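Below is one structure, written out as structure tokens, with a few remarks after it.
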Amino acid sequence: MSATLDRILGLYDSERANATLGEVVTQRAHALQSAWLAERAGAAPTFVAAALLHDIGHLFHDTGQAAGGARPDDRHEELGWRVLARSFPPEVAMPVRLHVAAKRYLCATESGYGSVLSEASLRSLGAQGGALALEQVRAFESEPFRADAVRLRRWDDRAKVPGLPTPGFDHFVPFLEAALGP
């Protein structure tokens, strides 16, 4: 196994992966549920890897919360993208970078989308800038990986089910290896 995979698996085996960040599942369970949804949808290995790793940026931050459960925007999508782009192709890294923008985009363009967001996701939306403004919508729509980011965002929203049985990280190592390439 490569040093990159060892580091990723180590992060998801760490205490930080036990954090819920205000959600009803841990970061580890959320990652596994997202990847499981992607795999069940027949996504390419790179896309399953993106679903598994989309919130990896949270694992590099202190997981504390301010009073009242509020957290400042930690820009986890940018940190995750910067880390992943060193080893993974854009098909993995770019949907990770854009998944928060995809939430903001869907809030701006899809009536009722906010009703599918968890309470924690709604709280973080404010810190992340809220729904996109019209010029931001146009900019997002020009992004090459926008459709992948929106699809990832929908899995992200659904991957918050307490106790949902999923395969473990060992199951997803081949997807990560395929995404890393030779």
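Look at where the Cα atoms of segment 99-149 and of segment 2-31 average out, and the two centres are 24 Å apart. Mean-square fluctuation check for the chain, GNM, Cα pairs under 10 Å: which of 119, 15, 135 is largest? Of the options given, 135 has the highest mean-square fluctuation.
Were the residues from residue 14 through residue 134 laid out at 0.36 nm apart, the gain over their Cα-Cα distance would be 39.2 nm. By the beta-carbon count within 10 Å of each Cβ, the least crowded to most crowded order of 110, 91, fewest first, is 110, 91.
Here the label points at residue 111 and residue 177, each 7 Å from Cα along the C-beta direction, are separated by 5.0 nm in the simple model.
Determine the relative contact order of segment 3-180: mean sequence separation of Cα pairs under 8 Å and six or more apart, normalised by residue count, in whole percent. Computed over segment 3-180, the figure is 31 percent.
Here percent of Cα pairs over 25 Å apart was computed from the coordinates, and among [x] 55; [y] 28; [z] 36 the match is [y]. Build a GNM of the chain with springs between Cα atoms under 10 Å apart, and of 53, 164, 79 the one that fluctuates most is 164.
Gain on full extension, evaluated as 0.36 nm per residue between residue 119 and residue 6 minus their Cα-Cα distance, stands at 37.4 nm.
Taken along the Cα-to-beta-carbon direction at a fixed 7 Å, the label points for residue 158 and residue 170 span 2.7 nm.
Applying a length cut-off of 15 Å (Cα extent along the axis) and a mean Kyte-Doolittle floor of -1.0 to the DSSP H helices of the chain leaves 27-40, 90-109, 169-180. Peptides 165-171, 6-12 ranked from most to least packed by the mean count of surrounding Cβ atoms within 10 Å: 6-12, 165-171.
Charge tally for residue 7 (other residues, Cβ to Cβ under 12 Å; Lys, Arg +1; Asp, Glu -1): -1.
Each value in this text was obtained by applying a stated rule to the coordinates, not by laboratory testing. This structure is a prediction, so every number in the text was calculated from the model and none was measured. A quick note on method: Cβ atoms are made from the backbone with ideal geometry, for glycine too, and the neighbour counts reach across all protein chains shown.
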